[in-house]
Amino acid sequence: MSLLQGKTAIITGASRGIGKGIAIEFAKQGANIAFTYLSSDQKAKELEQELSAFGINAKGFKSDASIFDSAQVLADDVMKEFGSIDVLVNNAGITKDNLLMRMGEEDFDRVMEINLKSVFNLTKAVLRPMLKQRSGSIINMSSVVGVKGNAGQANYAASKAGMIGFTKSTALELGSRNIRCNAIAPGFIETEMTASLDPAIVKGWTDSIPLKRGGSTQDIANASLFLASDMSTYISGQVLNVCGGMLT
Ligand code: NAP
């Protein structure tokens, strides 16, 4: 069964990591994929080819999610090329970790712009087509850190907590138009973002996870598929923790 047959999904930040995993799973399920990235041109080309092999339309757009006007241009281009926007996954994100004592203003602002303002930018951009269609599913990639905080990540935690408030408000505003909005809060997921961490720190984390392992990009792709598809038509305004039991 193809759960997203004929639907079009925009996924931000899909040249690698979690976004790439979501793009592949959605393509397997029949969705046409418009994905964005910031600088990984080669990886984006390769992903376009990998996705097209599933017999769907796939295109990578070099588009900075933190820039309001770029999001508008992206949505217009996707409508022209794909004809609809059914699913939006706001996945693009960065970390610039530091203790508050050492965190500079620039590191705070950049994290807020890329992680949080991007969600406003992209959601605004897809609103008109989704309102016209009277359907849509928006998925915001938050984090367990946004739910419970983390020392050394005040900027990141604030951005991810902000996404949850935005998610709940969007769900309240747009529910009557059959547009759903949910957040996913991944725990420790093994990607390039986490590969640079000290192995001793990683071991400390996995030991404290009830399921005793880091999550995979497939674990997040599966949750995203559920929220994107008609399997979850009565679910909106929720935060789905995908964290191996870290949050209970
Ligand atoms: P990642 O491997 O570092 O990939 C980040 C992706 O975002 C890349 O495709 C990157 O494009 C893109 N990107 C960065 N800035 C962008 C911008 N301004 N505009 C458009 N695209 C941009 O990250 P990840 O680990 O897969 O994480 C994905 C999301 O999940 C993030 O929001 C992250 O906060 C969240 N998350 C991750 C974990 C985890 O454990 N990994 C846990 C909780 C939440 P380029 O390749 O061109 O740079």
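Viscosity 1.567 mPa s, temperature 4 °C: what is the translational diffusion coefficient of the chain from Stokes-Einstein with a Kirkwood Rh over Cα pairs, rounded to a whole number of µm²/s? Walk me through the numbers on the way to the answer.
Details: Rh = 18.0 Å.
D = 72 µm²/s.
Can you give the extra length, in nm with one decimal, that the chain gains between residue 124 and residue 54 once fully stretched, where that is 0.36 nm per residue apart less the Cα-Cα distance?
Values: separation 70, 0.36 × 70 = 25.20 nm, distance 2.99 nm.
Between residue 124 and residue 54, full extension yields an extra 22.2 nm.
Taking 27 Å as the straight-line reach from the Cα of residue 59, the lysines in range (excluding those fewer than 8 positions away in the same chain) are 7, 20, 28, 43, 45, 80, 117, 124, 132. Shown here: segment 130-247, whose C-alpha atoms stretch 51, 28, 23 Å along the first, second and third principal axes, sorted largest to smallest.
Taking 0.36 nm per residue of separation and subtracting the Cα-Cα distance, full extension of the segment from residue 202 to residue 96 would add 36.4 nm. Once both axes come from the Cα atoms, what is the angle between helix 68-82 and the longest principal axis of the chain, in degrees from 0 to 90, rounded to 10? For 68-82 against the chain, the angle is about 40 degrees.
Counting Lys and Arg as +1 and Asp and Glu as -1, what is the net charge of the other residues whose Cβ lies under 12 Å from the Cβ of residue 225? Each step should come with its number before you reach the end.
Values: positive: 7, 28; negative: 25, 219, 230.
The answer is -1.
In the chain, the longest principal axis of the Cα atoms and the axis of helix 217-228 are about 50 degrees apart. Of the chymotrypsin sites (Phe, Trp or Tyr not before Pro) found in segment 140-248, those that fall in a DSSP loop while having at most 13 other beta-carbon atoms within 10 Å are 234. Computed over protein heavy atoms with a 1.4 Å probe, the carbon and sulfur contribution to the accessible area of the chain reaches 52%. Going 7 Å from the Cα of residue 106 toward and past its Cβ, which residues in segment 15-48 have a backbone nitrogen under 20 Å from where you end up? The answer is 38-39. Distance between the pseudo-spin-label points of residue 211 and residue 173 (7 Å out from Cα toward the beta carbon): 3.3 nm.
The values are calculated or read from the model by the stated rules, or taken from the named source; none is laboratory data. Just so we're clear, the structure is a prediction, and the values are computed from it rather than from any experiment. Counting neighbours? That spans all protein chains shown, and the Cβs are built from the backbone with ideal geometry, glycine included. Protein only, heavy atoms only, side chains kept; ligands, DNA and RNA dropped before computing areas. Shrake-Rupley method; radii C 1.70, N 1.55, O 1.52, S 1.80 Å.
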